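Asks: Got a structure here, written out as structure tokens. Questions coming.
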Amino acid sequence: MNRILSALVAGLVFGIGIAVSGMANPAKVLNFFDPLGTWDPSLAFVMGGALMTTFIGYRVIFARRQAPLFDAKFHLPTARTIDARLIGGSALFGLGWGISGFCPGGAIPALGFAPWPTALFLIAMGAGILLARWLQALPRRQTA
């Protein structure tokens, strides 16, 4: 129960941060990607603040704790390979973000501001996730 409650609190803090920073508004995000037009650098400041907070937070937590409060161990990524799946997924993420103005995590708080466009984005994202999982589950052909 503590794990669920802590995840809820973290999600609420994230959502409030997205809303307060204005990043739930896809037009604000899209303006960041338009340096020759209506460029808005605020996304860079939001991302920079998040990176600095995360960097400091990880250093403090890992220096003081062997495990998180509500789990037996930290679950950190172990993959170090840069492969076609990583590059392709990153490219799709960037294209989707640049076209729609929605980051997947930031789209959920945006439901309160623009419910229909945001819901359409979330449905399309969910369909893409299901399609990717289905494609990943297909048997791979072996080449000799």
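Asks: Within segment 35-69, restricting attention to residues that are within 20 Å of A107 (Cα to Cα) and loosely packed, with under 12 Cβ neighbours inside 10 Å, which residue is nearest to the chain's Cα centre (by Cα)?
Replies: Step by step, filter segment 35-69, then rank; the result is L51.
Asks: Identify, from the list L122, L86, L95, the residue that is part of a helix (DSSP H, G or I) and surrounded by 12 or more Cβ atoms within 10 Å (Cβ to Cβ).
Replies: L122
Asks: Tell me the residue from T78, T54, T38 that is within 27 Å of Q136 (Cβ to Cβ) and without any contact (Cβ under 8 Å) to a residue 12 or more places away in the chain, please.
Replies: Result of the check over T78, T54, T38: T78.
Asks: Still on this model: On the given criteria, is L69 outside any helix (DSSP H, G or I) and at pLDDT below 90?
Replies: For L69, the condition - outside any helix (DSSP H, G or I) and at pLDDT below 90 - is met.
Asks: Name the single residue, out of those in segment 1-52 being touching a Lys or Arg at 6+ places or on another chain (Cβ under 8 Å) and in a helix (DSSP H, G or I), that is farthest from G101 (Cα to Cα).
Replies: Going through the qualifying residues, I end up with S42.
Asks: Taking the options T38, T78, T54, name whichever one is touching a Leu at 6+ places or on another chain (Cβ under 9 Å) and at pLDDT 90 or above.
Replies: The conditions single out T38.
Asks: Exactly one of (1) without any contact (Cβ under 8 Å) to a residue 24 or more places away in the chain; (2) within 30 Å of Q136 (Cα to Cα); (3) surrounded by 10 or more Cβ atoms within 10 Å (Cβ to Cβ); (4) more than 17 Å from the chain's Cα centre (by Cα) is unmet by A72. Its number?
Replies: (3) is the only condition that A72 fails.
The values are calculated or read from the model by the stated rules, or taken from the named source; none is laboratory data. This is a predicted model, so every value here is computed, not measured. Cβ sites come from the backbone with ideal geometry, for glycine too, and all protein chains shown count toward neighbours.
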